[in-house]
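Structure, as structure tokens:
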Amino acid sequence: MGEVVVATSPWCHTCPATIRQWKELANQYGFTVREVDVGTLEGRELAVKLYIRSVPSTIINNQVVHVGVIDRQTALDLLKKYGIIATPK
């Protein structure tokens, strides 16, 4: 099972939509979503490590794969690309 990490901030007006989208997909496909606030120590360390300059930022396999609000199809494409969910044959 894989994990999607989303870097967020309380002042971000678009972050809740991105978290909601990822949680809906996680419930459907059985992977984990973890939200990390860039204002916390863990979040600041993650932001420095991955050069995160904007939120929401979606991280898979320790790399930023998307910045900004994510739509369902883009999220599904990323999950397949990074092996979080199986690609239909």
Test for I70: is it of a type in the set (V, I, T) and in contact with a Phe, Trp or Tyr (Cβ under 7 Å, 6 or more places away or on another chain): no
Those residues of region 56-77 which are under 13 Å from W22 (Cα atoms) and surrounded by fewer than 18 Cβ atoms within 10 Å (Cβ to Cβ), in sequence order: G68, V69, D71, R72, Q73, T74, L76, D77
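Take T14 and tell me if it is within 12 Å of the chain's Cα centre (by Cα) and of a type in the set (V, I, T). Break it down into steps so the answer makes sense when it comes.
Numbers: within 12 Å of the chain's Cα centre (by Cα): no; of a type in the set (V, I, T): yes.
In short, no.
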Single residue of region 13-28 satisfying the filter (among the aliphatic types (A, V, I, L, M) and over 14 Å from L79 (Cβ atoms)) that is least open to solvent (accessible area, probe 1.4 Å): I19
Pairs where the first residue, in region 67-85, is touching a residue at least 60 places away in the same chain (Cβ under 8 Å) and the second is assigned to a strand (DSSP E or B) and open to solvent by less than 20 Å² (accessible area, probe 1.4 Å), C-beta under 6 Å, 6+ apart: Y82/I60
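Out of all the residues in region 53-77, which are under 15 Å from V38 (Cα atoms) and in a loop (DSSP other than H, G, I, E, B)?
Narrowing region 53-77 to residues under 15 Å from V38 (Cα atoms): 53-59, 64, 67-68.
Passing the criteria: R53, S54, V55, P56, G68.
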Answer residue from region 24-64, given it is among the β-branched types (V, I, T) and touching a Phe, Trp or Tyr at 6+ places or on another chain (Cβ under 7 Å) and is nearest to I84 (Cα to Cα) among those: I60
Filter result (open to solvent by less than 50 Å² (accessible area, probe 1.4 Å) and either under 21 Å from K81 (Cβ atoms) or in a loop (DSSP other than H, G, I, E, B) (or both)) within region 1-12: G2, V4, V5, V6, A7, S9, C12
Search result, residues across region 78-89 that are touching a strand residue (DSSP E or B) at 6+ places or on another chain (Cβ under 8 Å) and in a loop (DSSP other than H, G, I, E, B): Y82, I84
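The values are calculated or read from the model by the stated rules, or taken from the named source; none is laboratory data. Not measured: the values here are computed from a predicted model. As a convention, Cβ positions derive from the backbone with ideal geometry for all residues, glycine included, and neighbour counts pool all protein chains shown. In case anyone asks, the SASA skips ligands and DNA or RNA and just uses the protein heavy atoms, side chains included. Shrake-Rupley method; radii C 1.70, N 1.55, O 1.52, S 1.80 Å.
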